[in-house]
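Reading through the structure tokens given below for one structure.
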Amino acid sequence: MNYPELEDIFLRFGLDSEKSPQIKESYRVSKHYLERLVKAKRLSESEANRIKDQQSEIELEARTIGFKQGFKLAVKLFIEN
């Protein structure tokens, strides 16, 4: 029997859609700075979009790792008690 990976569970149940107020604020601020850089012609639109994509990928990876760590801790506590 094949069991799903924890990453698959995290994504399949849409747990990645929940964002904290801190993450939302971080996106808002970074988007503002990227827009200013594009407007000042210090950054191309495609470069700004690539940075936004990278930010999303890093954030998703970090949240997935957090889910895995929390899940493993919960299992450990469950087994030990």
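The values are calculated or read from the model by the stated rules, or taken from the named source; none is laboratory data. Bear in mind the structure is a predicted one, so any value in this text is a computation, not a measurement. All Cβ positions, glycine included, derive from the backbone under ideal geometry; neighbour counts span all protein chains shown. Note: accessible area is taken over every heavy atom of the protein model, side chains too, but ligands, DNA and RNA are not part of it. Shrake-Rupley method; radii C 1.70, N 1.55, O 1.52, S 1.80 Å.
Details
- Filter result (open to solvent by less than 80 Å² (accessible area, probe 1.4 Å) and among the polar types (S, T, N, Q)) within the range 1-24: SER20
- Restricting attention to the range 25-64, the residues that are under 21 Å from GLY14 (Cβ atoms), of a type in the set (A, V, I, L, M, F, W, C) and open to solvent by less than 70 Å² (accessible area, probe 1.4 Å) add up to 2.
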